[in-house]
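What follows is calculated from the coordinates using simple rules that are stated; it is not laboratory data. From a predicted model like this one, the values you see are computed outputs, not experimental measurements. Quick reminder, even Gly has a Cβ in these numbers, built from the backbone with ideal geometry, and neighbours come from all protein chains shown.
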Amino acid sequence: MTHEIKDIIEAYLKAKEKGLKAVLASVVDLTGSSYRKPGVRMLILEDGSMIGAVSGGCVEKDILRQSETVFKNGISKMMTYDGRYRLGCEGVLYILIEIFQPNESFVNAFESAIKKRQEFKIYSYYKTTEGEHKGIGSFFEFGNEKLSVSNREVKIDEIADLLHLFSQTMPPCFKLMIFGTEHDAVRLCELARFNGWEVTVISGPLESKTIDNFPGACAFYSVSPDALELKSIDDETAIVLMSHNFANDLKYLIELKDLRPVYLGMLGPSKRREKILSEFLEYCPDVDEAFLDLIYGPAGLNIGAETPQEIAISILSEILSVTRNTRPIPLKEKVGRIHS
């Protein structure tokens, strides 16, 4: 969800250049079930444009209507949306609507956290009754500094006991590193970016591809395996080796052995995987077993994928299942709620 906040900040900065005001709507509480959970947000601009969504599409129109008074008087308010009678979701959403006007310090701190892949926190103070309430609003915490989204000064200690608090920790944006530049890598890049992930593509030094060949990629590096810069790989990073070159994939694996991404996929059949791992263990006999447990090969879920696009869907689905610690099954076979 961090990428959704990033999209909101970017949209706000563009709107600010045009002189447009902005309002932030945040789902801060929920009774029952709903399409999305507390912590989802959307931005509404003065011209009626909306960035992001907090539901499948029905709630947004009511939020747009409710935001009109916030644009006029700048006072934060609460609204509720009872989906039991309109959405069939059996839940009541509690939505905080407030002016979104972060100052320069806020924007700089946010951009620094994104660039350095540092987590930050969001705190939203709210009421569960509709209407305007003193003190309700959201703050972002970067390090030890709390900054208001509406650029207002409120003594939180004086209001905290009178309001409910919703808080969440936002990890770095999820990142996918693709080692390879063939056609299937392009499709994987496109779909990963569509999913909101930051995508880095690694090319061999003799290949003629550039970042222009990979729509949605945030970065492109054409380097030999032993010249890779790997400091930014963390537990919010997935890696897929798909260079279609046995020697290169083996070299990449050797360079990655001391890192701990959340997922490491290897394209190709099981026999190829076993051969690579066999040679890898000859070069790195003392490798930690925890690293070997991260390797998924052949990469992807068994969904009958054949085309590059379908294979990309298969790989992205497996990455999601690994990061969410969920065993893939048809939802009709799941007992209980869709979301835990």
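Structural remarks
- In the elastic network of the chain, a GNM with C-alpha springs shorter than 10 Å, the most mobile of Lys209, Lys231, Lys127 is Lys231.
- Inter-centroid distance (Cα atoms) of region 240-262 relative to region 166-181, Å: 19 Å
- Sparse-neighbourhood loop sites, GluC sites (Glu not before Pro) in region 213-275 - DSSP loop, at most 15 other Cβ within 10 angstrom: Glu229
- With Cα atoms, 0 to 90° folded angle of helix 246-256 axis to the chain main axis: 50 degrees
- Calculated P(r) of region 175-323 - Cα pairs past 26 Å, %: 16 percent
- Residues Tyr123, Tyr12 arranged by fewest to most Cβ contacts within 10 Å: Tyr123, Tyr12
- Taking the chain as a Gaussian network of alpha-carbon nodes connected by springs under 10 Å, the highest mean-square fluctuation of the residues Asp184, Asp29, Asp286 belongs to Asp286.
- Difference of contour (0.36 nm per residue) and Cα-Cα distance, Leu13 to Lys134: 40.8 nm
- Once you divide the Cα radius of gyration of region 252-340 by 2.2 N^0.38 Å, the number left is 1.27.
- Ordering Ile329, Ile9 from the fewest to the most neighbouring beta carbons within 10 Å gives Ile329, Ile9.
- Where GluC sites (Glu not before Pro) fall in DSSP loop in region 98-178, at most 13 other Cβ within 10 Å: Glu119, Glu130, Glu153
- Note on the chain: GNM, Cα springs under 10 Å; of Ala238, Ala25, Ala15, the largest mean-square fluctuation is that of Ala15.
- For the chain, radius of gyration divided by Kirkwood radius, i.e. Rg to Rh on alpha-carbons: 1.02
- The ranking of Phe100, Phe174 from fewest to most other beta carbons within 10 Å of each one's beta carbon is Phe174, Phe100.
- Calculated translational diffusion coefficient of region 15-170 (4 °C, 1.567 mPa s; Stokes-Einstein with Kirkwood radius over alpha-carbon pairs) equals 81 µm²/s.
- Between helix 104-116 and the chain there is an angle of about 20 degrees, using the helix long axis and the longest principal axis of the Cα atoms.
- For region 175-323, the number of Lys pairs with C-alpha atoms closer than 27 Å, counting only pairs eight or more positions apart or on separate chains, is 13.
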